[in-house]
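*Asks:* Before I ask anything, let me first share the structure, which is written out below as structure tokens.
The values are calculated or read from the model by the stated rules, or taken from the named source; none is laboratory data. What you see is a predicted model; the values in this text were computed from it and never measured. Here the Cβ positions follow ideal geometry from the backbone for every residue, glycine too, while neighbour counts run over all protein chains shown. Quick note on the areas: whole protein, heavy atoms, side chains included, nothing else; ligands and nucleic acids left out. Shrake-Rupley method; radii C 1.70, N 1.55, O 1.52, S 1.80 Å.
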Amino acid sequence: MLRTARRLTQALAHGPLVRADLRWPSVAGADLLERSALETVSHGKHLLTRLDDGRTLHTHLRMEGTWQVRRTQQPPQPWRQHTVRVVLATARWTCAGISLGMVDLVPTSREHTLIGHLGPDLMADDVDVATAAANLRAQGDRPVGEALLDQRVAAGIGTIYTSETLWLLRLNPWQPAREIADPEEVIATAARIMRRSADAPSITATGDPRPGRDANAYGREHQPCRRCGSAIRQGRLGTPPTDRVTYWCATCQER
Ligand SMILES: [Zn+2]
């Protein structure tokens, strides 16, 4: 998502919008022509495109959504997909949001009402580590691995970075969140490896992390721990049907 946000920011940074189609019932009549898109930021899976008139275009990719960027052509070339929901174009670049799960237009000052139920975004440029750490500690007896996967604690951590973070810090995934001595270190570590991964070329086109050969724990069941040589184990966090997979070393992440 961070990558998508960066691509949109770069593509739309060159002058006012020469085309702005919103094919979504609640915002279909909105006029964005001649406005400039200042930046697009991601928050979890939300994308917030801030305009120079104090409004924010809020889009969400859900499961299938994607943004495509092309050179702007004259006359404008239609997109083949009939599921295009948003087209934003400057004289140079045209961005199409396809199969989006949500399109809203809100005052920029009200962005928090869209994303207020999410914890701090660990992919943000200025990560709010203190708030996320406080959220984590407040999870009490809940296993730390399960708490880290809760988007209300911190947005953006998935199963990969939960496993990797806990391995790096030698924390057992089932240790109660309130027992974590340094929750800020947990959050800062997760944010660091997430950012490093987003900046690395081994990321899929959608911006999702791909568990590569670099993983220490994730996807390495039965393989030797890179620290102690014990076999990495696989387990489930949470309760079905919302349980999630995790990987850990029972020796150096012992409770
Ligand atoms: Zn180990």
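*Asks:* When you check ASP141 against the structure, is it without any contact (Cβ under 8 Å) to a residue 12 or more places away in the chain and acidic (Asp, Glu), yes or no?
*Replies:* Numbers: without any contact (Cβ under 8 Å) to a residue 12 or more places away in the chain: no; acidic (Asp, Glu): yes.
So ASP141 fails the test.
*Asks:* Listed residues PRO209, PRO143, PRO176; which is more than 16 Å from the ligand (Cβ to nearest atom), open to solvent by 20 Å² or more (accessible area, probe 1.4 Å) and at pLDDT 95 or above? Give the derivation first.
*Replies:* Details: PRO209 fails: at pLDDT 95 or above; PRO176 fails: open to solvent by 20 Å² or more (accessible area, probe 1.4 Å).
None of the other options fit; the residue is PRO143.
*Asks:* Can you spot a residue in the range 44-51 that is at pLDDT below 90, open to solvent by less than 40 Å² (accessible area, probe 1.4 Å) and on the phi > 0 side of the Ramachandran plot? Break it down stepwise before answering.
*Replies:* Restricting attention to the range 44-51, the residues satisfying the condition of being at pLDDT below 90 are 44-46.
Among the residues that remain, those that are also open to solvent by less than 40 Å² (accessible area, probe 1.4 Å) are: 44, 46.
The next check asks that each one be on the phi > 0 side of the Ramachandran plot; those that pass are 44.
Checking the range 44-51: at least one residue is at pLDDT below 90, open to solvent by less than 40 Å² (accessible area, probe 1.4 Å) and on the phi > 0 side of the Ramachandran plot.
*Asks:* I would also like to ask the following. Just a yes or no: is a residue in the range 83-93 under 21 Å from ALA198 (Cβ atoms), touching a strand residue (DSSP E or B) at 6+ places or on another chain (Cβ under 8 Å) and not acidic (Asp, Glu)? Spell out the reasoning first.
*Replies:* Narrowing the range 83-93 to residues under 21 Å from ALA198 (Cβ atoms): none.
Scanning the range 83-93, I find no residue that is under 21 Å from ALA198 (Cβ atoms), touching a strand residue (DSSP E or B) at 6+ places or on another chain (Cβ under 8 Å) and not acidic (Asp, Glu), so the answer is no.
*Asks:* Checking ALA154 against (1) assigned by TED's automatic domain parsing to the domain that holds GLY29; (2) open to solvent by less than 50 Å² (accessible area, probe 1.4 Å), which single condition isn't satisfied?
*Replies:* Exception for ALA154: condition (1).
*Asks:* Give the number of residues within the range 136-185 that are of a type in the set (D, E, K, R), assigned to a loop (DSSP other than H, G, I, E, B) and either closer than 23 Å to LEU2 by Cα or under 20 Å from the mean Cα position of the chain (by Cα) (or both). Outline the logic, then answer.
*Replies:* Here is the first cut: in the range 136-185, the residues of a type in the set (D, E, K, R) are 137, 141-142, 146, 150, 152, 164, 170, 178-179, 182, 184-185.
Right, trim to assigned to a loop (DSSP other than H, G, I, E, B) and you get 141-142, 150, 152, 170, 182.
Right, trim to either closer than 23 Å to LEU2 by Cα or under 20 Å from the mean Cα position of the chain (by Cα) (or both) and you get 150, 152.
Qualifying residue count for the region: 2.
*Asks:* While we're here: Condition check: assigned to a strand (DSSP E or B), open to solvent by 70 Å² or more (accessible area, probe 1.4 Å) and either among the aliphatic types (A, V, I, L, M) or assigned by TED's automatic domain parsing to the domain that holds LEU33 (or both). Does ARG70 satisfy that? Lay out the reasoning, then the answer.
*Replies:* Values: assigned to a strand (DSSP E or B): yes; open to solvent by 70 Å² or more (accessible area, probe 1.4 Å): yes; either among the aliphatic types (A, V, I, L, M) or assigned by TED's automatic domain parsing to the domain that holds LEU33 (or both): yes.
Against the criterion (assigned to a strand (DSSP E or B), open to solvent by 70 Å² or more (accessible area, probe 1.4 Å) and either among the aliphatic types (A, V, I, L, M) or assigned by TED's automatic domain parsing to the domain that holds LEU33 (or both)), ARG70 qualifies.
Conditions tested, residue by residue: (1) within 24 Å of ARG226 (Cα to Cα); (2) within 16 Å of the ligand (Cβ to nearest atom).
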site	(1), (2)
ALA138	no, no
GLN151	no, no
GLY158	yes, no
LEU166	yes, yes
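*Asks:* If you scan the range 2-52, which residues turn out to be assigned to a loop (DSSP other than H, G, I, E, B) and in contact with a helix residue (DSSP H, G or I) (Cβ under 9 Å, 6 or more places away or on another chain)?
*Replies:* The first filter runs over the range 2-52 and keeps only residues assigned to a loop (DSSP other than H, G, I, E, B), leaving 13-18, 23-24, 28-36, 44-45, 52.
If the condition is that a residue be assigned to a loop (DSSP other than H, G, I, E, B) and in contact with a helix residue (DSSP H, G or I) (Cβ under 9 Å, 6 or more places away or on another chain), then SER36, GLY44 are the ones that fit.
*Asks:* Please specify each residue of the range 218-230 satisfying the condition of being near the ligand (Cβ under 9 Å from one of its atoms) and small (Gly, Ala, Ser). So that I can check it myself, show each step before the final result.
*Replies:* Within the range 218-230, the subset near the ligand (Cβ under 9 Å from one of its atoms) is 224-230.
Of everything in the range 218-230, those that are near the ligand (Cβ under 9 Å from one of its atoms) and small (Gly, Ala, Ser) turn out to be GLY229, SER230.
*Asks:* Okay, next question. Conditions first: (1) open to solvent by less than 50 Å² (accessible area, probe 1.4 Å); (2) free of Cβ contacts under 8 Å to residues at least 40 places away in the same chain. ARG192 passes all but one, so which condition is the exception?
*Replies:* Going through the list (1) open to solvent by less than 50 Å² (accessible area, probe 1.4 Å); (2) free of Cβ contacts under 8 Å to residues at least 40 places away in the same chain, ARG192 breaks only (1).
*Asks:* Among the numbered criteria (1) closer than 23 Å to ALA13 by Cβ; (2) open to solvent by less than 20 Å² (accessible area, probe 1.4 Å), which single criterion is violated by THR162?
*Replies:* For THR162, the exception is condition (1).
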